[in-house]
Amino acid sequence: MDGTDTKAAAPVLILLGPPGAGKGTQARMLQERHGLVQLSTGDLLRAAVTAGTEAGNRARAVMDAGALVSDEIVIAILRDRLAEPDCARGVILDGFPRTPVQAEALDALLADSGQRINAAISLDVEDSAMVDRISGRFTCGACGEGYHDTFKPTAKPGTCDKCGSTEITRRSDDNAATVAQRLQAYHAQTAPLIAYYERAGALARVDAMGPIEEIAAELSATVTRATA
Ligand code: AP5
């Protein structure tokens, strides 16, 4: 792949970063601000687990252990989702690719449809912040909005600010032991993609240690530049 002109095709942005970096939080904000579709392989896999599909059943134990699901399963799920009509607006990939094999598969998929990656944006964070971020996370079970006990609480306890639902969920893999495994998997298997996209001229970096809104503003400016 390379990071050359993508103006004619629908934008493709990648958010890279360790568990808890804020990929999901920021991808949802970019979706609203830039009209792009958030594609989270974590969300797609959790939906497959809940639906009890064959892929979901194979992925469940791997996810609970904090390891990466096989490239074969994840690439198939992502390929099917990318083929859906709404993705023609452009996409923000959240949590994909996570291995060199996935990165190469994405390049091939995009080449088939005349698309290329506008930018792969690394959310740079310190590992020490991740356990606090992840252990305080909760999500609205109705609309999917993400929150944090300390850093992003709901205005009214137990009620989603966005849709008013009281259906609050916490992820089964959000515990200290699994977070350590997920961080290890990130450094061993995913962090090398930063160099992959740097070589391709597609890498952008954003300091993701500050407040959510400040990071969102910097990311939004980065996306505007990358899709101009
Ligand atoms: P996935 O669902 O992708 O989880 P993850 O990468 O571990 O990332 P998280 O969702 O935990 O974090 P995030 O960066 O989205 O942070 P968030 O915005 O929620 O993957 C789960 C599992 O699925 C994997 O372990 C693997 O098994 C499997 N999987 C998924 N994709 C795969 C693939 N491609 N290949 C193989 N396996 C795959 O923020 C976290 C919390 O912090 C929130 O509460 C938020 O409110 C808060 N927060 C966010 N930003 C800030 C900030 N700036 N300051 C303070 N708090 C903040």
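The values are calculated or read from the model by the stated rules, or taken from the named source; none is laboratory data. Please read these numbers as outputs of a predicted model, since none were measured by experiment. Cβ placement follows ideal geometry from the backbone for every residue including glycine, while neighbour counts extend to all protein chains displayed. The area values use the complete protein model at the heavy-atom level, side chains included, leaving out ligands, DNA and RNA. Shrake-Rupley method; radii C 1.70, N 1.55, O 1.52, S 1.80 Å.
Overview of values
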| item | result |
| --- | --- |
| Note, ³J(HN,Hα) from phi for region 159-165, Karplus 6.51, -1.76, 1.60, rounded to Hz, x at Gly and Pro | 10, 5, 5, 7, 10, x, 5 |
| Cysteines (scope the chain) whose Cβ has no counterpart Cys Cβ under 4.7 Å | CYS87 |
| Residue-averaged 222 nm ellipticity for the chain, from DSSP H runs of 4+ at -39500 (n - 2.57), nearest 500 | -13000 deg cm²/dmol |
| Among VAL131, MET29, MET209 - extreme Cα towards positive end, dipole of the chain, charges at beta-carbon | MET29 |
| Cα-only radius of gyration and Dmax that characterise region 176-215, units Å | 13.2, 36 |
| Sparse-neighbour loop sites [trypsin sites (Lys or Arg not before Pro); region 1-81; at most 14 other C-beta within 10 Å; DSSP] | LYS7 |
| Paired Rg and Dmax values of region 1-115, which use every Cα atom, in angstrom | 14.1, 42 |
| Amide proton proximity set for PHE138, modelled H, under 5 Å, gap of 5+ | TYR147, HIS148, ASP149 |
| Percent RCO, i.e. relative contact order, over the chain, from Cα pairs under 8 Å lying at least 6 residues apart | 32 |
| Nonlocal amide H pairs with ILE14, under 5 Å, H built at 1.01 Å | LEU93, ALA119, ALA120, ILE121 |
| Residue among GLY90, GLY114, GLY24 with the largest mean-square fluctuation in a Gaussian network model of the chain, springs linking Cα atoms under 10 Å | GLY114 |
| Normalised convex hull volume, region 101-228, alpha-carbon set, Å³ per residue | 151 |
| Equivalent ellipsoid, the chain (semi-axes from 5 times Cα gyration tensor eigenvalues, Å) | 26, 21, 18 |
| For the chain, built as a Gaussian network whose Cα springs stay under 10 Å, the top-fluctuating residue of SER135, SER172, SER122 | SER172 |
| Accessible area of the chain belonging to carbon and sulfur atoms, whole % at 1.4 Å probe | 52 |
| Among ALA103, ALA51, ALA27: highest mean-square fluctuation, GNM of the chain, C-alpha pairs under 10 Å | ALA51 |
| Share, in percent, of DSSP beta bridges within the chain that are antiparallel, nearest 5 | 30 |
| Whole-number percent relative contact order across region 75-208, with pairs defined as alpha carbons under 8 Å at least 6 apart | 31 |
